[in-house]
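Have a look at the structure below, then the notes.
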Amino acid sequence: MTDPAFEGFLKADFRWPRAGDRSFTKSERRLDNAYIAPHVRDRLVMMVTGYKLAADVMVERSAKDRFDRDALVYPIIFNYRQFIELSLKYLIATYGHTVGVKANWDSHDLAELWREFNKVLNGYGTDDPDGTDSIVEAMVAEFAKVDPRSFSYRYPVDKKGEPIPVEQEELDLAALADAMQALDGYFNGCDGYLDHLQSAGS
């Protein structure tokens, strides 16, 4: 019996490269084009938004089809990880210099980035009466364990060709998306609060 997903692939429109094909072009209708921000801060904000949004869209798509779910799990995890990494780098770069913490664009280590962001929070003397910082730290640490260097869900093997082990063989994508929504709320809340503190101190 043929897999229905494979049958769908066979019936899909077949597109073969044609002379003149180019990947990076502009439409004559300007409103049809995506805008790529030239300014670093604007681009960083849109990247944070875009990686999470892309993962959210893929989670929604994967809920409707088992084949899509099994194929999209890898870019979903990668995109959510990139969202976390860029969120931390944005907050450190934007608010760290005020309290003596330098921006870190070199590291992909989420645990390291969280430690530096925690220094930023401590530098501003922020309160955490409900213990949310500890909850988020545990969530970031979980992602850091599952994908330490941002390779685990982009490649099946490491740079030496050795298989990259996976932490678990099954994953509830809806639960993952819900957790990332909570992280998004936390990061946005920190952004607003630290902006207020930074402005008050200037």
**Study point:** Verdict on residue 155 being touching a Phe, Trp or Tyr at 6+ places or on another chain (Cβ under 8 Å) and aromatic (Phe, Trp, Tyr)
**Key:** no
Check your understanding: How many residues, within the stretch 1-36, are of a type in the set (Phe, Trp, Tyr) and modelled with pLDDT of 90 or more?
Key -> 3
Study note, to complete from the structure: Of the residues in the stretch 129-173, those that are loosely packed, with under 12 Cβ neighbours inside 10 Å, hydrophobic (A, V, I, L, M, F, W, C) and more than 19 Å from residue 114 (Cβ to Cβ) number 1
Practice item. State which residue is farthest from the chain's Cα centre (by Cα) when the search covers only the stretch 59-100 and only residues that are surrounded by fewer than 17 Cβ atoms within 10 Å (Cβ to Cβ) and hydrophobic (A, V, I, L, M, F, W, C). Key: 67
Exercise for review: Say whether the condition of being over 26 Å from residue 53 (Cα atoms) and surrounded by 14 or more Cβ atoms within 10 Å (Cβ to Cβ) is met by at least one residue in the stretch 101-113.
Suggested key: yes
Review point. Any residue in the stretch 39-58 that is out of contact with any helix residue (DSSP H, G or I) (no Cβ under 6 Å at 6 or more places or on another chain), modelled with pLDDT of 95 or more, surrounded by fewer than 17 Cβ atoms within 10 Å (Cβ to Cβ) and polar (S, T, N, Q)?
Key: yes
Exercise for review: List every residue pair whose Cβ atoms lie under 6 Å apart, where the two residues are 6 or more positions apart in sequence or sit on different chains, the first residue falls within the stretch 75-93 and is touching a residue at least 60 places away in the same chain (Cβ under 8 Å), and the second residue, located anywhere, is acidic (Asp, Glu).
Suggested key: 81/147
Review point. Among the helices (runs of 4 or more DSSP H) confined wholly to the stretch 102-202, which include 1 or more residues that are over 18 Å from residue 89 (Cα atoms), touching a residue at least 40 places away in the same chain (Cβ under 8 Å) and under 15 Å from the mean Cα position of the chain (by Cα)?
Key: 132-146, 173-201
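The values are calculated or read from the model by the stated rules, or taken from the named source; none is laboratory data. All values reported here derive from a predicted model rather than from experimental measurement. Please note: Cβ atoms are built from the backbone with ideal geometry, for glycine as well, and neighbour counts cover all protein chains shown.
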